[in-house]
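Structure first, then comments.
The values are calculated or read from the model by the stated rules, or taken from the named source; none is laboratory data. What you see is a predicted model; the values in this text were computed from it and never measured. No Cβ is skipped: glycine too gets one built from the backbone with ideal geometry, and neighbour counts run over all protein chains shown.
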Amino acid sequence: MFLRLQQWATKKVLAVFVLVYFIFPLYLLPKILPEGRPLDLHLYYSPADAYALIESYGELNRAAYIAGSATIDMLYPLVYATFLGLVLSFFIVRIYPQGDKRQFIRLFPYSILIADVLENIAIMSMLSIFPERNDHLALLASTMTSIKWLLFFIVMMMLVYYPVKYYNKGKTGFRPKKSPE
């Protein structure tokens, strides 16, 4: 299924995904995330930092954070992973011939999805047991958060590298037939 991203990697589909993608951070996520800075947006946090933030949210914000994390924030990783996978696919299928093992690179954004979902589960667990503390759970959440951001940075580097490679390939090397758009 995921390898068939290439048939969806057209300019029209990418334009739709850009719109859908931006609905999340600009409209949906602000409605569900707690006031202040949610744990998801940190690069790293210690258990003490995590629980200080969780305490600062207050009971209503914690409940809203759990509900939002269980719904919208579980769907968002699928949306952005697919969007990033489509963008990578747009370039990679035009750079490497069909059957080339490097075609699998376009699935890399789904590694962010895995880290983000595990992060969300850990954060929801921390929120749901509060005021009880579980420092191991907080370390797991923080580790998943850091891994998520590291993987995201790697994908951003790919989104710089592959378009440059694509446009340079036009001058030399393989470039398959133009796909229907």
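Structure values in brief
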{"read-out": "Residues within region 72-116 that are surrounded by 21 or more Cβ atoms within 10 Å (Cβ to Cβ), aromatic (Phe, Trp, Tyr) and either in contact with a Gly (Cβ under 7 Å, 6 or more places away or on another chain) or more than 21 Å from VAL160 (Cβ to Cβ) (or both), tallied", "value": "1"}
{"read-out": "Residue that is out of contact with any Lys or Arg (no Cβ under 8 Å at 6 or more places or on another chain) and either loosely packed, with under 14 Cβ neighbours inside 10 Å or at pLDDT below 95 (or both), where the choices are LYS171, LYS148", "value": "LYS171"}
{"read-out": "Evaluation of ILE129 against (1) surrounded by fewer than 16 Cβ atoms within 10 Å (Cβ to Cβ); (2) closer than 25 Å to ALA48 by Cα; (3) under 14 Å from the mean Cα position of the chain (by Cα) (one fails), failing number", "value": "(3)"}
{"read-out": "TYR80 vs. criteria of a type in the set (Ser, Thr, Tyr), in a helix (DSSP H, G or I) and in contact with a Pro (Cβ under 7 Å, 6 or more places away or on another chain)", "value": "no"}
{"read-out": "Pair list, Cβ under 7 Å, 6 or more apart: region 130-150 residue on the phi < 0 side of the Ramachandran plot, other residue outside any helix (DSSP H, G or I) and not small (Gly, Ala, Ser)", "value": "SER142/TYR44; SER142/TYR45; THR145/HIS42; THR145/TYR44; SER146/LEU43; SER146/TYR44; TRP149/LEU43"}
{"read-out": "ILE112 closer than 25 Å to ILE54 by Cα, of a type in the set (A, V, I, L, M) and over 21 Å from the mean Cα position of the chain (by Cα)", "value": "no"}
{"read-out": "Test: residue in region 14-35 that is over 15 Å from the mean Cα position of the chain (by Cα), farther than 29 Å from ALA141 by Cβ and modelled with pLDDT under 80", "value": "yes"}
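Yes or no, residue by residue, for (1) without any contact (Cβ under 8 Å) to a residue 40 or more places away in the chain; (2) of a type in the set (A, V, I, L, M, F, W, C); (3) part of a helix (DSSP H, G or I):
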site: TYR51; (1), (2), (3): no, no, yes
site: ARG62; (1), (2), (3): no, no, yes
site: ILE66; (1), (2), (3): no, yes, yes
site: ASP73; (1), (2), (3): no, no, yes
site: VAL87; (1), (2), (3): no, yes, yes
site: GLN98; (1), (2), (3): no, no, no
site: ARG102; (1), (2), (3): yes, no, yes
